[in-house]
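Input: a single structure, listed below in structure tokens.
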Amino acid sequence: MTRDLVVDDGLGTDQRWFAVHVVPHLGPDGDVVERQLPFFFLFVVALGFLTLPQVDANHPAAVVWASVIAGGTVVAARLLPWGRWPDAAQDALPVLQLVAVGLLRAGTGGTGSTFTSILFLPVIALASRQGRRGVVIVAVGAAAVILAPVLIDRDTTLTLAVVLRSVFLSLVSVVVAITVHAITENLRMHAATLAALRENERVMVGRMRDDALELARVAANRKVVRDQLLSVIDSATEQAIVATDRDGLVEVFNAGAERMLGHAEGEVVGRMNVKDFALPEEVEARTSGGRAPRLEDFLEQISARRGALRDWTVVRRDGTRLTARLAVTQRTDIDGSVSGYVVVATDVTAEREAERLKDEFVSLVSHELRTPLTSVLGYLELLQDGTDPLSDEQREYLAIIERNARRQLRLVGDLLLTAQVEAGTFAISPAPIDLADVARAAALAAGPNAEQAGVALVLDARPAPVVGDAGRLGQAVDNLVSNALKFTERGGTVHLRVAPRPDGGAHVAVADTGIGIPPDELAQLTDRFFRATTATRRAIPGVGLGLSITKAVVDAHGGELRIASAVGEGTTFTLELPPAPPG
């Protein structure tokens, strides 16, 4: 069963019939023709009344001309191209209607004509036009219509009554015209306002529709992104990922967090705070300074990139403890307010234990080796300075033993220094020095090795007075020059430059034309025991401690170590030192 769709267009039955059956035949300027039809209809009715014996047509010729003009206005409205002419041109049609009324009055009794009231139709038509010209035309036209019988019929006497009637009717016409004009202008203004409101409504509806579509699209995209993010979070089983609200209440607890902390997701989400997984005394010691720790302080300490502050002790469900590296990210709303946090934890218990054991081993081995090596060197001096004569061959053997023993002693010293750095006990003894002297000593000590390797060592040292530890800075420069010589092929060049800085510090640069270092390994060069692949492939000797020691020395002086390198072109190490160490 179907039902017809009925649309309410706001028109009555007669109006709808007129719009359907008449308007399509009125032509391109149908509104102009439509405005002439009421007057034409009443004029035809007036002509019908003339057939009655009670109505006298004393001047049939005037009636005929009035009929021709009345019909002509409709024909002109239908045929002429009003749309191409100025709007004022349409005023001619109601003016012609005024002429037709004047002729009709003259032909149907003159001043006593029954049809004088038809005058008000063109009056209303003129008054409803834009501008005030219609009111002026009405004033003149109404007077002309009243006086038309006197002008046309010479037998009609211009009496005072006729004059008064003419003036009064003209006055009434003008008042009617002014009233209609005011009402029409108000209606026109309201219509324009309503049209503007409808246009604004249309625009707003369109924008709302577009915004709704955009919001739906954004919501769909956010749902897809959220689902993808949750999928990634759930698939990360090596890291614990915990998302919280602004108060630290857990909202997301992934599979990695379940495995690391021993809690099921249902036990945690919406029930536990992120601080519940930390060791309470550690939280209080690091964040509060004796007062109750705040969540903001706790998360700020987690996100701090200051050495051990990134490692925290977390407590599992069974009470066991493990060391985790924590990173926190703050989540914000559109207005910038904090909406929550995301904490990512990585279990580094085994890694930290291995580092602790390695440090203990390095320290133990260093101490155990230093004493015998010192003893060996002491006995070598006794043999070389003894009273018994030594052959050249024996002295050569003793020189080889001394050289290797000292190399081992330097290695032991490097191991001890790295152990001090890791333990936080490394210290310097600053005093006024000139880094140019340090650089000259380093170049002098490296000269034989440079000559043996076939590498040109070029020194450019300008006076650069600073406050620093001459021994430690000399060790740092020695390490850089030694590395440059080892990694530069025969025929290459190593430049050692020292220059003062404008702020009173010093600038030290060691540049070589050697084999270079891969870009992805530059960040690891200062790690303990790290060796670049370009060194290991060429079997260049070394243990990977020199650059870590150099960085420790520079850091202790408050300076900066910069490294720039290109494979096959060379490497430049730059030390930027302040006038004096901090503190």
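The numbers here are math on the coordinates, done by the rules we state, and not lab data. Because the structure is predicted, anything quoted here is derived from the model rather than measured. For neighbour counting, all protein chains shown are included, and Cβ atoms are generated from backbone atoms with ideal geometry for every residue, glycine included.
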Table column - 3J(HN,Hα) (Hz), the stretch 248-262, Karplus curve with 6.51, -1.76, 1.60, x for Gly and Pro: x, 6, 5, 10, 10, 9, 7, 5, x, 5, 4, 5, 6, 9, x
Spin-label model distance (nm) - ALA456 vs ALA192, 7 Å beyond Cα toward Cβ: 8.9 nm
Ascending count of other beta-carbon atoms within 10 Å, so fewest first, for SER337, SER67: SER337, SER67
Derived scalar couplings ³J(HN,Hα) [the stretch 264-271; Karplus, 6.51 cos²θ - 1.76 cosθ + 1.60; whole Hz; x for Gly, Pro]: 7, 4, x, 7, 10, 4, x, 10
Förster-model FRET efficiency, 30 Å R0, GLU396 and ARG440, C-beta, rounded to 0.05: 0.50
The stretch 61-195: C-alpha gyration tensor shape, a/c 1.5 cut-off, then a/b vs b/c: oblate
Pairwise label distance in nanometres, ASN449 with ARG490, each label 7 Å out on the Cα-Cβ vector: 1.9 nm
Sum of side-chain charges, ILE137 neighbourhood, beta-carbon under 11 Å (Lys, Arg +1; Asp, Glu -1): +2
Exposure proxy order (Cβ contacts within 10 Å, fewest to most) of ASP434, ASP512: ASP434, ASP512
FRET efficiency estimate (nearest 0.05) - Cβ-Cβ, VAL225 to ALA92, R0 51 angstrom: 0.15
Net charge of Cβ neighbours under 11 Å - reference THR114; Lys, Arg +1; Asp, Glu -1: 0
Residues with amide H under 5 Å from that of GLY109, placed H, sequence gap 5 or more: ASN58, HIS59
Cβ-based exposure ranking for SER391, SER339, in which fewest neighbours within 10 Å come first: SER391, SER339
For GLY492, distant residues with modelled amide H under 5 Å away: ALA456
Distance (nanometres) between label positions extended 7 Å along Cα→Cβ at THR320 and MET204: 6.6 nm
Calculated from backbone phi, Karplus (6.51, -1.76, 1.60) coupling profile of the stretch 29-46 in Hz, x at Gly/Pro: 10, x, 5, 5, 5, 4, 6, 8, 5, x, 5, 5, 4, 5, 5, 5, 4, 4
